[in-house]
1. Can you run down the residue pairs with Cβ atoms below 9 Å, 6 or more apart or on separate chains, where the first is in region 57-79 and at pLDDT below 90 and of a type in the set (D, E, K, R) and the partner is open to solvent by less than 70 Å² (accessible area, probe 1.4 Å) and in a helix (DSSP H, G or I)?
2. Looking at (1) part of a loop (DSSP other than H, G, I, E, B); (2) open to solvent by less than 70 Å² (accessible area, probe 1.4 Å), which is the one condition that is false for T26?
3. Can we say G47 is surrounded by 10 or more Cβ atoms within 10 Å (Cβ to Cβ) and either part of a loop (DSSP other than H, G, I, E, B) or touching a Pro at 6+ places or on another chain (Cβ under 8 Å) (or both)?
4. May I ask you to list the residues in region 50-73 that are open to solvent by less than 100 Å² (accessible area, probe 1.4 Å) and within 21 Å of the chain's Cα centre (by Cα)?
5. Restricted to region 1-23, and to residues that are among the basic types (K, R) and within 41 Å of the chain's Cα centre (by Cα), which residue is most open to solvent (accessible area, probe 1.4 Å)?
Amino acid sequence: MPSNPKTSEKFRNSSYTIDTKTGVLTIEPVTSFDTGDYFCEAQNNVGTAQKSEVIHLEATEVNVGGIVAAVVVLLIVLALVAFGIWFAYRRGFFSSNSTNKQVIYSQPSNRSDGEFKQTSSFLV
């Protein structure tokens, strides 16, 4: 890699800097185009070239549209749940007051065993 990416056609779209004194490679900002394997290779006239371990860089883009859509769907679901609770409360489903309910029961009258006649009823 050249020390200045703008001087090479192959690295023109890259956004890195190399400190020539320390050899530190800085990629900022990281994009998905920077994904790949990186290693350092040093050589001089004294000995053979030395190569460091390979470091794999995986850079992915954040899906902003997906995050916004998920937040909107979550807000709609929460609004529907809140509306359902409010509606049930207004209709009295959460009321613990049972004084509105009446049970009417009348005792059966005397009748003969062979004759069927409805003599009592329940109203709830």
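The values are calculated or read from the model by the stated rules, or taken from the named source; none is laboratory data. All of these numbers come straight from a predicted model, not from anything done at the bench. Cβ coordinates were reconstructed from backbone atoms using ideal geometry, including for glycine residues, and neighbour counts include every protein chain displayed. We work out accessible area using only protein heavy atoms, side chains counted, and drop any ligands, DNA or RNA first. Shrake-Rupley method; radii C 1.70, N 1.55, O 1.52, S 1.80 Å.
1. That search, which allows pairs on different chains as well, returns E61/S32.
2. (1)
3. Against the criterion (surrounded by 10 or more Cβ atoms within 10 Å (Cβ to Cβ) and either part of a loop (DSSP other than H, G, I, E, B) or touching a Pro at 6+ places or on another chain (Cβ under 8 Å) (or both)), G47 does not qualify.
4. Residues satisfying the conditions are A59, V64, G65, G66, I67, V68, A69, A70, V71, V72, V73.
5. Initial filter on region 1-23 (among the basic types (K, R)): 6, 10, 12, 21.
Next, from what is left, pick out any that are within 41 Å of the chain's Cα centre (by Cα): 6, 10, 12.
Numbers: K6: 111, K10: 169, R12: 109 Å².
Applying the filter and picking the extreme gives K10.
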